[in-house]
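Some notes on the structure that comes next.
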Amino acid sequence: MDKIIIKEKIIRNITGTAIPKPADDQNTDDIVPARYLKEITFKNMGNYAYYDERFKDGKTVEHHPFNDEKYKGASILIVGANYGCGSSREHAPQALYKYGIKAIIAGSFAEIFASNCANLGIAGMTIPAGNIKELANHIQKNPQTELDINLEEKIISYDKKVLKLNIPEGRRQSFLGGSWDALAILQKNEEAIKSVEIELDYLNFK
């Protein structure tokens, strides 16, 4: 079977403003409360991102970074260490994706969470804890700062500063090659898959 790359899925750069939320150990129940896992589709998941932190006793928590108007429209999330720990529910990255997050800069990730993010095209990368603190502080003071994430050069640039990012090489190559969306590749190769399928005796028994 010929390998087909989905060119429009290639991700080399992510540019945008950021939301600083640098606490460590933010788990998947923090990101999306368990009661929303009963949703049949992920369509409304963006509404539930950090819901129990953002709304208390029927009131909006104005200072929460996901409610703060100065971070409105941001597509990059800055978080601390062990981000996405807890259960492996895919609703958590779906909530962030539907909210509009395209990249997450963390001190470290829970691996299953990072993989689930990658399957949606959310680029998860790490930088040292000191850089997380410095970057989050800068964004809090300068919320309109635009970050440029370059996956080819493995750097994050902002306001004439450059940070070296880390990302598993296989995952990085999947973004650069456009192969991160496994479902799209399967769909693109449907006819080739069927042609192989009919040659496999164990799939054609009567």
Between the range 60-119 and the range 132-169, the alpha-carbon center distance in angstrom: 16
Over the chain, relative contact order from alpha-carbon pairs under 8 Å, at least 6 apart, %: 28
From phi via Karplus (6.51, -1.76, 1.60), per-residue ³J(HN,Hα) for the range 56-68 in Hz, x at Gly/Pro: 10, 6, x, 10, 7, 7, 4, 7, 5, x, 7, 10, 5
Extension reserve of the Ser87-Gln173 stretch, reckoned as 0.36 nm per residue once the Cα distance is removed: 28.3 nm
Computed helical MRE - 222 nm, the chain, DSSP H runs ≥ 4 contributing -39500 (n - 2.57), nearest 500: -8000 deg cm²/dmol
Under 5 Å, built H, 5+ apart or other chain: amide partners of Gly100: none
Student exercise, the chain dipole from Lys, Arg, Asp, Glu Cβ charges, in Debye to nearest 20: 380
In sequence order, calculated HN-Hα J values of the range 145-160 (Karplus, 6.51, -1.76, 1.60; Hz; x Gly/Pro): 4, 9, 9, 10, 9, 10, 6, 5, 8, 6, 9, 10, 10, 6, 6, 6
Above-threshold pairs, the threshold being 28 Å between Cα atoms, out of Lys98/Lys133; Lys43/Lys161; Lys43/Lys160; Lys38/Lys59; Lys38/Lys133: Lys43/Lys161; Lys43/Lys160; Lys38/Lys133
Segment Ile10-Tyr51, length gained on full extension (0.36 nm per residue, minus Cα span): 11.6 nm
Extension reserve of the Lys59-Lys164 stretch, reckoned as 0.36 nm per residue once the Cα distance is removed: 33.8 nm
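Values quoted throughout were computed directly from the atomic coordinates according to the rules given, and no laboratory measurement underlies them. All figures in this text were calculated on a predicted structure; none of them were measured in a lab. Backbone-built Cβ (ideal geometry, glycine too); neighbour counts: all protein chains shown.
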